[in-house]
Amino acid sequence: MFAAGLALVFGVMKIINLVHGDFIILSAYLTLVLVEMTSISPLLLTPLVMVLMGFFGYLIQRGILNFTLGSGILIPLVVTFAMSLVIQNVLLEVFTADTQGLDAGAIELSSVTLPLGVTVGWFPLLTFAFAVVVLGALQIVIGKTGLGRSFRAISDDNEMASLMGIRTRHVFGMAMAIALMVTAVGGVILGIRTQFDPAMGPTRLIYAFETVVIGGIGSLWGTLVGGIVLGIAQGVGAFFDPSWRELAGNLVFLAVLAWRPRGLLARRQT
Amino acid sequence: MTTVEHRVELGTRTSRALGVVSALLIGVLVLLPFVVERSFLVSLTELMILIALGQLWNLLAGYSGIFSFGQQAYVGIGAYATFALADLVGLNIWLAIALSGVVALVIAYSTAFLIFRLEGGYFAVATWVVAETFRLLVKNNDRLNPGGTPQPLRTLASLGPDRFQIIYWLAVAVGLGSVILTLVFLRSRWGLALSAIRDDEETAAASGIDVHRVKMRVYLLVAAMTGLTGSVYLLNNVSIDPDSYFSIGLTAQMVVVVVVGGLGTVEGPIVGALIYFLLDENLSVLGTWWFITLGVLLIVLLLVAPRGVWGTIQARTGLRLFPTQRRLIVGENRSVHDGPTDDIRSEAEWTRE
């Protein structure tokens with residue numbers, strides 16, 4: 001069930017960004033390098049990775065992606081796709097195709113027994129807590145701060161927002177920075193949970209995307225539901241046959257699309 | 001109100017001259033196997049397949065505003081249909097090739113109703129998920145993917161010793177076929193409806209165009225053609241495995257070819273395919289560095305010239321080899337709307353008046 005914890009963190013970003021999956025893997029590698037340099041536990045390094053990835057996101061958005069906006073959906077799609085190609089192959093060149101892992105120490109294996117006699121690993125629990133905290137923090141940022149107000153204004157009417165004096169380019173940069181900070185958390189968790197290699201990005205992207213659509217496009221907490229549903233589907237699929245893991249996820253995604261195309265927790269349309 | 005003498009023109013002087021040239025070119029292409037050596041023929045076959053895939057994706061993205069990142073599904077389905085029907089069922093290989101298009105069409109029809117519920121970028125990734133689902137289904141099937149190793153197409157031998165020529169002709173057929181298909185489609189009423197939809201879906205719907213039906217029709221047509229191309233791709237590659245025939249890399253190639261050449265122009269994918277093919281032939285030895293270079297080149301090109309190579313040439317010179325736009329000629333041979341700006345939106349409005 002908690003395999004979901006992963007997918008939902010990534011699902012938060014609503015922009016279709018084909019490089020997203022590779023950013024997750026990049027964060028994992030970044031953490032790996034930092035761990036090797038400092039020998040501190042990856043969990044404690046998370047804030048540092050978040051800051052670095054946030055900076056990186058702001059630069060990428062201001063330096064490349066902002067120039068592609070306003071020209072339809074294809075150019076940003078292809079540019080992010082090209083970036084994904086670059087990141088994957090640079091990682092491949094630097095770290096080789098060997099799988100890597102992050103070591104968080106004893107916490108990875110220890111577990112806790114809950115009242116009803118259910119045993120839950122500490123780490124999945126922590127992942128879930130992380131997810132809830134991150135989603136909660138995002139909700140506060142979007143709902144309560146000035147920056148969040150700019151986000152909402154721009155997503156409602158971009159031109160009007162810039163007429164009202166919102167620096168759209170800066171705000172886009174900030175949005176990408178925050179998205180990458182969330183991604184960084186996902187990357188660290190992924191690195192601890194599983195082995196990773198440079199080619200894993202696209203699969204992560206698909207999971208993240210499925211999570212968003214299952215939960216409902218534009219619904220923050222829907223992402224949590226979507227992540228749990230996808231996690232269960234993959235878990236059940238893998239139970240019957242390991243090779244059915246991804247397939248089961250995809251089939252559930254298609255089923256949701258057929259039955260409830262707006263997602264499980266979609267906002268009511270007026 | 002006075003009536004101005006006018007007519008609506010499709011062709012340009014260049015395009016009429018080109019009609020003769022292309023007839024000659026087709027003749028040369030068809031007769032080429034008798035002149036050149038085999039390795040060159042195999043390269044040309046690959047180029048033709050690349051042109052076909054690019055052109056078909058262009059018809060979707062450039063002319064219909066359907067951004068699919070899952071077209072590899074139909075390459076894979078076409079190839080596996082040929083493999084299954086010829087090698088496993090034992091049909092005649094020609095019949096198997098022909099049926100691969102039909103199979104792709106039927107499967108496209110049965111999945112389209114799901115993915116067409118999403119829009120824009122979500123649609124793009126949903127098509128990718130569908131393609132991934134097919135990849136996994138084939139991968140888990142013991143008949144189609146026995147032992148998880150690449151399978152040779154055994155019935156290929158039944159094409160005889162001259163099969164390289166035959167495969168080349170088939171590739172020319174799908175390559176030219178996709179170009180001609182695009183031209184014919186765009187010059188028809190459907191094409192006009194398509195440009196209207198791409199430019200403004202709501203206005204098009206308000207003008208009485210059945211948007212959904214037009215989009216579906218293009219999608220199905222492209223799926224069938226892509227299936228046939230997939231079949232030829234298999235013939236040229238001899239062996240088949242789910243990971244490479246359902247690879248997102250195939251769609252990536254289509255996108256690169258179209259975007260480099262020029263989205264929404266018939267000439268673009270041909271130019272793009274040539275550029276990509278030449279770069280790939282010469283630089284793929286660099287391995288990972290080739291992909292890094294390709295990615296960087298693509299980003300730079302899109303930032304500098306988002307219209308692609310041919311799109312930029314066309315915008316500068318107004319050159320059109322395969323015109324698909326209707327131009328209004330008023331009075332004498334003076335064209336009022338023949339400026340260098342490539343703006344099909346206003347063309348469509350002209351014609352509607």
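Since every read-out is calculated from the coordinates, none of them should be taken as a lab result. Fair warning: this is a prediction, and the values are worked out from it, not measured in the lab. A quick note on method: Cβ atoms are made from the backbone with ideal geometry, for glycine too, and the neighbour counts reach across all protein chains shown.
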Exercise. Among A:124-130, A:20-26, how do they line up from the highest to the lowest mean number of other beta-carbon atoms within 10 Å?
Worked result: A:20-26, A:124-130
Exercise. Semi-axes of the stretch B:6-352's equivalent ellipsoid from the Cα gyration tensor, sqrt of 5 times each eigenvalue, largest first, rounded to whole Å?
Worked result: 34, 24, 20
Exercise. On average, how many beta carbons from a partner chain sit within 10 Å of the beta carbon of a residue in B:133-139?
Worked result: 4
Exercise. From the backbone phi of the stretch B:85-97, what are the Karplus-calculated ³J(HN,Hα) couplings (6.51 cos²θ - 1.76 cosθ + 1.60, θ = phi - 60°) in whole Hz, Gly and Pro given as x?
Worked result: 5, 7, 7, 8, 7, x, 6, 4, 5, 5, 5, 4, 4
Exercise. Averaged over B:246-258, how many beta carbons belonging to a partner chain fall within 10 Å of each residue's beta carbon?
Worked result: 2
For this session: Calculate one ³J(HN,Hα) per residue across the stretch B:275-280 by plugging θ = phi - 60° into the Karplus curve 6.51 cos²θ - 1.76 cosθ + 1.60, and present them in order as whole Hz with x for glycine and proline.
Result: 4, 4, 4, 5, 4, 5
Exercise. So what J values fall out for the stretch B:30-41 if you push phi through Karplus, 6.51 cos²θ - 1.76 cosθ + 1.60 with θ = phi - 60°, rounded to Hz, Gly and Pro as x?
Worked result: 5, 8, 3, x, 7, 10, 8, 7, 5, 4, 5, 5
For this session: Go ahead and set up a Gaussian network model of chain B, Cα springs under 10 Å, then flag whichever of B:LEU31, B:LEU156, B:LEU319 fluctuates most.
Result: B:LEU31
Exercise. For B:GLY70, which sequence-distant residues (separation of 5 or more, or a different chain) have an amide H within less than 5 Å of its own amide H, given hydrogens modelled in the peptide plane?
Worked result: B:TRP128
For this session: Which order do the peptides B:34-47, A:83-96 take when ranked by the mean count of other beta-carbon atoms within 10 Å per residue, highest first?
Result: A:83-96, B:34-47
For this session: Would you work out which of B:ALA61, B:ALA196, B:TRP128 lies farthest towards the positive end of the dipole of the stretch B:6-352? Charges go on Cβ: Lys and Arg +1, Asp and Glu -1.
Result: B:ALA196
For this session: Determine, for B:ARG217, B:ARG307, the number of other Cβ atoms within 10 Å of each Cβ, and report the residues in order from fewest to most.
Result: B:ARG217, B:ARG307
Exercise. Rounded, prolate or oblate: which one fits the stretch A:168-230, using the alpha carbon gyration tensor with axes a ≥ b ≥ c (rounded when a/c is under 1.5, else prolate when a/b beats b/c, else oblate)?
Worked result: oblate
Seminar exercise, completed: Partner shielding of A:243-250, as the mean number of partner chain Cβ atoms within 10 Å, equals 4
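Could you work out how much longer the chain between A:LEU48 and A:TRP221 gets when fully extended? Use 0.36 nm per residue separation minus the Cα distance between them, nm to one decimal.
In short, 59.7 nm is gained.
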